[in-house]
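Student: The following block contains the structure, expressed as structure tokens.
The values are calculated or read from the model by the stated rules, or taken from the named source; none is laboratory data. Fair warning: this is a prediction, and the values are worked out from it, not measured in the lab. Note that each Cβ is placed from the backbone with ideal geometry, even for glycine, and that neighbours are counted across all protein chains shown.
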Amino acid sequence: GASMEGDKSELFGINVFKLREIVPMPSFTKPAGIKAPVMGMVNIRDQIIPVIDLSSVIKEVLERAERHEDGPLISRLHSV
């Protein structure tokens, strides 16, 4: 998809077994006090669905991994 600024284009993958349908991007409502990465809410067939900026979520995850903020993965601990 294209960014809202129109200067970038990115592709994302999603597990198709969790996908219900693909629809053109509707206009969305941005409630007061909403925080990133949630951009707003849409009403599709009387179901309220959050609109999330996946590029910002993925960017944050990658940045945290680069800074090693998630810590080491411990698979087995024999003693302390």
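Student: Just to check your reading of the model, which residue among Val16, Val23 is at pLDDT 85 or above and either in contact with an Asp or Glu (Cβ under 6 Å, 6 or more places away or on another chain) or surrounded by fewer than 11 Cβ atoms within 10 Å (Cβ to Cβ) (or both)?
Tutor: That would be Val23, the only listed residue that is at pLDDT 85 or above and either in contact with an Asp or Glu (Cβ under 6 Å, 6 or more places away or on another chain) or surrounded by fewer than 11 Cβ atoms within 10 Å (Cβ to Cβ) (or both).
Student: If I filter region 34-41 for residues that are under 16 Å from the mean Cα position of the chain (by Cα), exposed (fewer than 10 other Cβ atoms within 10 Å of the Cβ), at pLDDT 80 or above and of a type in the set (D, E, K, R), do I get at least one hit? Walk me through how you get there before you give the answer.
Tutor: Keep residues of region 34-41 that are under 16 Å from the mean Cα position of the chain (by Cα), which gives 34-41.
Checking which are exposed (fewer than 10 other Cβ atoms within 10 Å of the Cβ) leaves us with 35.
Adding the requirement that they be at pLDDT 80 or above leaves 35.
Still in the list and also of a type in the set (D, E, K, R): 35.
Taking every residue of region 34-41 in turn, at least one turns out to be under 16 Å from the mean Cα position of the chain (by Cα), exposed (fewer than 10 other Cβ atoms within 10 Å of the Cβ), at pLDDT 80 or above and of a type in the set (D, E, K, R).
Results for (1) under 16 Å from the mean Cα position of the chain (by Cα); (2) modelled with pLDDT of 75 or more; (3) of a type in the set (Val, Ile, Thr), shown as yes or no for each residue.
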residue	(1), (2), (3)
Gly1	yes, no, no
Ile44	no, yes, yes
Leu54	yes, yes, no
Ile58	yes, yes, yes
